[in-house]
Amino acid sequence: MSTDDERLRRWRLVLGGEAADGTGRALTGTDAGVDRALSALYDRPTTAPAPGARGRTGGLGASAPSVARWLGDIRRYFPSSVVQVMQRDAIDRLGLATLLLEPEMLEAVEADVHLVGTLLSLDRAMPEKTRETARAVVRKVVTELERRLAGRTRATLTGALDRSARISRPRHSDIDWDRTIRANLKHYLPGYRTVVPERLVGHGRSARAVRKEVVLCVDQSGSMAASVVHAAVFGAVLASMRSLATRLVVFDTSVVDLTDRIQDPVDVLFGTRLGGGTDINRALAYCQTRISRPADTVVVLISDLYEGGIRDEMVKRVAAMKASGVQFVALLALSDEGTPAYDRDHAAALAALGVPAFACTPDHFPEIMAAALERRPLPIPDAQGPPEAPPGG
């Protein structure tokens, strides 16, 4: 195929419409299938067409069989990452969420974090025959996230916990040689080209004792769906570490402690209720009552900060926690979705207390937690400016 033909082909797929509408090129074979799949989703008019207007009459209809066929087509024509975007657009643009209540539909979709969020929001309307299929879909996504995140998280946090337990008279096997050399550079002997270590720096053995406590306080309003999924996975990973005591609390206008389910992220997720209001102050009040060792505790608030409760009390509560010795971290989102919408005034109020509020990707979360456990400055990601977007609560 010549360069010009290929260019016309691509423009035809981009522009859509009849062959005469722009390029004069007809589509055949696979290209025609791709065009039909795109037309069904993106060429459906949102308003009535003008009299005599031309164009394709796309649409998936309201029947599960037509949607199932479309799902099969897009999986044949597009890579997985594109399929996930198109599924999300179909749910948002065409109102297909209710079709996910059918087991046959759930078996046909490409599972991802966003689909899990949609299923959780439908949980209360889900018939019993669909529930097991939905759990299997959620389990598949959770297993993939754990495979991607668990090993690195444990390794990073184990190192942080060991460093935080540093001792001054270590056994030989516990010596931190890098820090020992840096601490004794002033005792360098040029004639012998060596350092005389007058002070040894070592790691403590923290594997069998609980050394730190972590409280994950997670906003379960509708805009936080992806963050809830990732928080559930990280909660299970943290709970598997014997040197950490981890508590998981989710909230909207009520507060639910899911610590007893924390070992299984799927149980945690089906214990949430996405889509409610937001009372951050009430959630923090509950968490505050569960802190027994403030100086050894890290509280991670995951919320877009659109507070429906008492704003001044929320800020005072954070200040009181910090004054007691708690290390406080505020994450506007824990997801790969980019910069979130959030309440700028509340974020500024927390920053004034020394609690910067920023979004964090799942891959960056282990470094954030390691810094918090060691009480060193948080490695805040770049480009955390506020978006021009409406409230997400």
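The values are calculated or read from the model by the stated rules, or taken from the named source; none is laboratory data. Model, not experiment: these values are computed from the prediction. So basically every Cβ, Gly included, is an ideal-geometry build from the backbone, and we count neighbours across all protein chains shown.
Quick look at the numbers
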quantity	calculated
Cβ pairs under 6 Å, 6+ apart, first in region 60-77 and among the basic types (Lys, Arg), second modelled with pLDDT of 80 or more and part of a helix (DSSP H, G or I)	Arg75/Val83
Helices (runs of 4 or more DSSP H) (entirely within region 77-168) containing at least 2 residues that are crowded, with 17+ Cβ neighbours inside 10 Å and in contact with a Pro (Cβ under 9 Å, 6 or more places away or on another chain)	128-164
Tally, over region 307-328, of residues that are crowded, with 19+ Cβ neighbours inside 10 Å and over 13 Å from Leu350 (Cβ atoms)	2
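Residues are listed down the side, and each one gets a yes or a no for (1) outside any loop (DSSP other than H, G, I, E, B); (2) over 30 Å from Leu106 (Cα atoms); (3) at pLDDT 80 or above:
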residue: Asp5; (1), (2), (3): yes, yes, no
residue: Arg12; (1), (2), (3): yes, yes, no
residue: Arg25; (1), (2), (3): no, yes, no
residue: Arg44; (1), (2), (3): no, no, no
residue: Asp73; (1), (2), (3): yes, no, yes
